[in-house]
Amino acid sequence: MWWGVGAALLANTLYSTGFVLEKRALGALPALSAQHPVRVVVTLMTSPLWMTGSLALVAGFGAQLVVYRTLPIAAAQGIFVSGIVLLLLLSSTVLGEQQSGRERHALGAVLIALLMLVASVREGGDVVGDEAPTRLMIMVCVPVLAAGAWLYSQVERRARQRHRAPTSGIGYGVAVGLVYGVSSLAIKGVSGKLASGGACDTARVLLTSPYPYLLLCTAGAGLVMSQTALQRCRASLIVPVCTTVTCLFATVAGTLVFGEGLPDDPTLLGLRAAGMTLALTVLLAMPRHDQPTP
């Protein structure tokens, strides 16, 4: 278990650092549009600072594989969300972003809610699943990906309208969070296929499963969507919202499709349910628009 906790904290550090470096690099790049994904990728690859941030994210992905091998998905997601604290510190010191009092309280409540998910996991009492029925995985993931793409397009459409208050990035964060939630399930599936057998056997098992294809799809879509959103909105708001949605979806859907089950203890079950309810409530109550600067 402790190997998993350490790997999760390392992944948090790498992900937070990567997002902040990418956000800083995006400020010097021309405007990106998700309608031109190839142009987005080519533009991003011209920035050495952005490439450094992306390498940090790739290293975080490697650490995440270790986490899913040792912890149930609910506990893993709860620890991942503690990276919000580091992200807020870095966005304030490196990017100069400031949060309103309402946003700080909301994000604090989200952190408490998701830490309740960690408290609902009993060491040795939860099964770590490593396999999911392919049909069930597709039935869960495909509608969520479609919902994320639809929401993102709606936010883009509204953002192009004149005389609208500037978006805070909540819609972007929810859309990208849904895509990355599916990506988390794919990473969980890949980690379960990395058995101790030979390289050829492992590759064969991976390529005959849906996980690598889901991962490639969500990685490409998430890259274009997240970078466009990061360029337009504050990292200190969009990343925590994205993280919250990813955590909630991966916790609920991952527990279902990987058959990890819910706690038998009523107290632990209550903690898990209350944590998810609080996080969703706070997310829905967060402001949808930034206050215009005087």
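Subtracting the Cα-Cα distance from 0.36 nm times the residue separation, let me have the gained length for T208 to M45 in nm, one decimal.
Extra length available between T208 and M45 comes to 55.6 nm.
Gain in length, T281 to V5, computed as 0.36 nm per residue apart minus the alpha-carbon separation, to one decimal in nm?
Net length gain for the segment: 96.6 nm.
Dividing the alpha-carbon radius of gyration of segment 1-54 by 2.2 N^0.38 Å (N being the number of residues), what value is obtained?
This ratio for segment 1-54 stands at 1.44.
Mind ordering 7-14, 209-216, 138-145 by average Cβ neighbours within 10 Å, highest first?
Highest mean packing first, the order is 7-14, 209-216, 138-145.
Between V38 and S92, what is 0.36 nm times their sequence separation minus the Cα-Cα distance? Round to one decimal in nm.
Extra length available between V38 and S92 comes to 16.3 nm.
At T52 and Q154, where each label point lies 7 Å from the Cα along Cα→Cβ, what is the point-to-point distance in nanometres?
Here the answer is 3.9 nm between the modelled labels.
Rounded to two decimal places and with Rh computed the Kirkwood way over Cα pairs, what is Rg over Rh for segment 2-285?
Reported Rg/Rh, Kirkwood definition of Rh: 0.95.
Just so you know, all these numbers are worked out from the coordinates, no wet-lab data involved. Fair warning: this is a prediction, and the values are worked out from it, not measured in the lab. Positions of Cβ are generated from backbone atoms using ideal geometry, with glycine treated the same way; all protein chains shown enter the neighbour counts.
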